[in-house]
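Q: Dumping the structure here so I can ask a few things about it.
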Amino acid sequence: MDNAQTPRTLPRFSATFDPHTLAEIRRAAATGIYDIRGGGTKRALPHFDDLLFLGASVSRYPLEGYREKCATDVWLGTRFAKKPIHLKTPVTIAGMSFGALSAQAKEALGRGATIAGTSTTTGDGGMTPEERGQSQTLVYQYLPSRYGMNPDDIRKADAIEVVIGQGAKPGGGGMLLGQKISDRVAAMRTLPKGIDQRSACRHPDWTGPDDLEIKIEELREITDWEKPIYVKVGATRPYYDVALAVKSGADVVVLDGMQGGTAATQDVFIEHVGIPILAAIRPAVQALQDLGMHRKVQLIVSGGIRNGADVAKALALGADAVAIGTAALVALGDNDPRWAADYAALGTEAGAYDDWHEGRDPAGITTQDPDLASRLDPVAAGRRLANYLAVLTLEAQTIARACGKSHLHNLEPEDLVALTIEAAAMARVPLAGTSWIPGQQF
Ligand SMILES: Cc1cc2nc3c(=O)[nH]c(=O)nc-3n(C[C@H](O)[C@H](O)[C@H](O)COP(=O)(O)O)c2cc1C
């Protein structure tokens, strides 16, 4: 038999050393620098897709879509605040910084949220007049970095969110590279232009829940006890973190899972620190229930929420509302194939572009370049976001009606089953077709 006819094995890639891993080793070897990027986790993790709803049939009674109401509104901050927030939909816009995002993008988020009757949130780097002007309900983030922190802006906000951590990087601080520090961003952060900025990973003036309680009281005093105070944590030890946030006096707890987006973080951090939101909601709800605070202290969850089914599942597991970051940016126009040629010029493609820290975003969203940023029309982008928010709400409503619920908040774990043993154990719902919840004693 000559060589040409000798049967050969096909070239076979290692599952451990797959092409991405090989490329990353080569990149690290060539540069000596870790990879920084935006976005959330890229590998598949247990998520809401691993859950299914049990629609009503004989043993349950569905609601008629065209005639029977299914309410979607939510109150946030009912524990202590004199002026709690009332939203038409439980889908809110997560905190994303001016600096990470262009001023146009921040304005568009405010416009979209306002049309949809929901809230949007500032971020590291402070409040822009455009976003305050266009946001009917604006949550002001109070972050470890204190970049852009201004007591006057706190008073202009409708709620305050004390950020302790983010799902993409619990325990880590932010990064804003010099390319994105324009004159305006530098002035708002009172830091030099063009120099890389690293945000602190912990607050300068408190170390634990007792200090946090004092800080929260200080913020209440500044705002005359009017505004709800949220506490945002990245999902790691949700039972204890939520219990301590409640003890410290939070009106609302925001829990962000590891799939959550970031503007710029080390890839190794994004992919390997924290737990999926699917695994975090039930322990968080358990903490609230054990303290007699479920529905009294509201729980907002985030991290990879994309559609109305995700919203409905998060609510069924016990959340009061959700927050979206990445999906909102996509609705504005992020990673849009219309910029295919520009993405190709950056060595990537629409849908995969994640070098948000470089500030060269062809869609004008994660950039401070005036020419690129001017590509985003805040009015049109805001309208797209509002449409998307309406769809999320309608989809969640459709599912709730099919489960016989007259309010999204009436969805419950009993409406869900899991497709995998992992998801069943994490979400504490039965594996489909069984009554088995792994890890639970009966
Ligand atoms: C571009 C961008 C900027 C962000 N900036 C902040 C920030 O300044 N403060 C913060 O608490 N979280 C920040 N986040 C995280 C979001 O608030 C939120 O937790 C996360 O995006 C939710 O996950 P999702 O993107 O999968 O919806 C940012 C996220 C993105 C995508």
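Q: Would you mind checking which residues have amide H under 5 Å from Ala200's amide H? H placed 1.01 Å from N; only 5 or more apart, or other chain.
A: Ser145, Gly174
Q: With the calculation restricted to Cα positions, what are the radius of gyration and Dmax of segment 295-442 in angstrom?
A: So, for segment 295-442, Rg and Dmax equal 19.4, 62 Å respectively.
Q: What pairs in Lys169/Lys193; Lys69/Lys169; Lys83/Lys180; Lys83/Lys106 have C-alpha atoms more than 31 Å from each other?
A: Details: Lys169/Lys193 25 Å; Lys69/Lys169 40 Å; Lys83/Lys180 36 Å; Lys83/Lys106 24 Å.
Distance filter (> 31 Å) returns Lys69/Lys169; Lys83/Lys180.
Q: For the chain, max minus min Cα coordinate along each principal axis, in Å, sorted largest first?
A: Cα extents, longest axis first: 79, 60, 44 Å.
Q: Can you list residues whose amide H is under 5 Å from Gly404's amide H, if they're 5+ apart or on another chain and H is modeled 1.01 Å from N?
A: The answer is Ala56, Leu63.
Q: Counting other Cβ atoms within 10 Å of each Cβ, which chymotrypsin sites (Phe, Trp or Tyr not before Pro) in segment 217-326 have at most 14 and sit in a DSSP loop? Please list the in-between numbers first.
A: Details: sites: Trp225, Tyr230, Tyr239, Tyr240, Phe269; in loops: Trp225.
Filter output for segment 217-326: Trp225.
Q: Let me ask another. Quick one: grab the alpha carbon gyration tensor of segment 276-332, order the square roots of its eigenvalues as a ≥ b ≥ c, and give me rounded if a/c is under 1.5, else prolate or oblate depending on whether a/b is larger than b/c.
A: Working: a/c = 2.59, a/b = 2.26, b/c = 1.15.
Prolate.
Q: log10 I(q)/I(0), Debye, Cα-only segment 33-168, no solvent, q = 0.13 Å⁻¹?
A: With one equal scatterer per Cα and no solvent, log10 I(q)/I(0) is -0.73.
Q: I would also like to ask the following. Output wanted: per-residue J couplings in Hz (rounded whole) for segment 388-395, from phi through Karplus 6.51 cos²θ - 1.76 cosθ + 1.60, θ = phi - 60°, x for Gly and Pro.
A: Per residue, the Karplus-derived 3J(HN,Hα) values read 5, 4, 5, 5, 4, 5, 5, 5 Hz.
Q: If Lys and Arg each add +1 and Asp and Glu each add -1, what is the summed charge of the other residues whose beta carbon sits under 15 Å from the beta carbon of Asn335?
A: Working: positive: Arg37, Lys42, Arg306, Arg338, Arg360, Arg375, Arg384; negative: Asp334, Asp336, Asp342, Glu349, Asp354, Asp355, Glu358, Asp361.
Spelling it out: positives minus negatives among the neighbours equals -1.
Q: I've got another one for you. At what distance in nm do the modelled label points of Asp210 and His86 sit from each other, each positioned 7 Å from its Cα along Cα→Cβ?
A: Simple spin-label model gives 4.1 nm for this pair.
Q: Please list 3J(HN,Hα) in residue order for segment 258-274, calculated via the Karplus relation 6.51 cos²θ - 1.76 cosθ + 1.60 where θ = phi - 60°; whole Hz, with x for glycine and proline.
A: 5, 6, x, x, 9, 7, 6, 8, 4, 4, 5, 6, 4, 8, 10, 10, x
Q: List every residue whose amide H lies under 5 Å from the amide H of Tyr142, counting only residues 5 or more places away in sequence or on a different chain, with H placed 1.01 Å from N in the peptide plane.
A: Glu161, Val162, Val163
Q: What FRET efficiency, computed as 1/(1 + (r/R0)^6) with R0 = 41 Å and r the Cβ-Cβ distance, is obtained for Arg27 and Glu218, rounded to the nearest 0.05?
A: Working: r = 45 Å, r/R0 = 1.11.
With R0 = 41 Å, the Cβ-Cβ based efficiency is 0.35.
Q: For an R0 of 60 angstrom, estimate the FRET efficiency from the Cβ-Cβ distance between Gln440 and Ala200 and round to the nearest 0.05. Mind dumping the intermediate values first?
A: Values: r = 40 Å, r/R0 = 0.66.
Here the calculated transfer efficiency is 0.90.
Q: So if a site counts as exposed when it's one of the GluC sites (Glu not before Pro), its DSSP state isn't H, G, I, E or B, and it has at most 13 other Cβ atoms within 10 Å, what's the longest stretch of the chain without one? Write down the numbers at each step before the final one.
A: Details: sites that count: Glu64, Glu68, Glu349.
Answer - 69-348.
Q: How much accessible area per residue does segment 124-213 have, in Å², with a 1.4 Å probe?
A: 42
Q: Rounded to the nearest 500, what is the chain's calculated 222 nm mean residue ellipticity when only DSSP H runs of at least 4 contribute -39500 (n - 2.57) each, over all residues?
A: Values: 15 runs with 148 residues, N = 442.
Computed ellipticity for the chain at 222 nm equals -10000 deg cm²/dmol.
Q: To continue, here is another question. What spacing in nm lies between the two simple spin-label points modelled at Ala187 and Val58, each 7 Å away from Cα in the Cβ direction?
A: Rounded to a tenth, the inter-label distance reads 7.1 nm.
Q: Just how much of Leu346 is accessible, in Å², when a 1.4 Å probe is used and the result is rounded to the nearest 10?
A: In the full protein context, Leu346 sits at about 50 Å².
Q: Can you give the % of DSSP beta bridges in the chain that are antiparallel, to the nearest 5? Walk me through the numbers before you get to the answer.
A: Working: 11 of 43 bridges.
In the chain, approximately 25 percent of DSSP beta bridges are antiparallel ones.
Q: May I ask you to evaluate 6.51 cos²θ - 1.76 cosθ + 1.60, the Karplus curve with θ = phi - 60°, for each residue of segment 159-173 and list the ³J(HN,Hα) values in order in whole Hz, giving x for glycine and proline?
A: Each residue of segment 159-173 in turn: 7, 10, 10, 7, 8, 9, x, 10, x, 6, 7, x, x, x, x Hz.
Q: I need the calculated FRET efficiency for the pair Ala15 and Arg306, taking r as the beta carbon distance and R₀ as 45 Å, to the nearest 0.05. Don't jump to the answer; show the numbers that get you there.
A: Details: r = 27 Å, r/R0 = 0.60.
That pair, Ala15 with Arg306, gives E of 0.95.
Q: Could I ask something else about it? What is segment 107-251 by shape, rounded, prolate or oblate, if you read a ≥ b ≥ c off the alpha carbon gyration tensor as root eigenvalues and call it rounded for a/c under 1.5, prolate for a/b larger than b/c, and oblate otherwise? The partial results should precede the final answer.
A: Values: a/c = 1.61, a/b = 1.17, b/c = 1.38.
It is oblate, given that a/c is not under 1.5 and a/b is not larger than b/c.
The values are calculated or read from the model by the stated rules, or taken from the named source; none is laboratory data. Just so it is clear, the structure is predicted and the values come from calculations on it, not from any experiment. Methodologically, a virtual Cβ is constructed for each residue, glycine included, from the backbone with ideal geometry; neighbour enumeration extends over all protein chains shown. Protein only, heavy atoms only, side chains kept; ligands, DNA and RNA dropped before computing areas. Shrake-Rupley method; radii C 1.70, N 1.55, O 1.52, S 1.80 Å.
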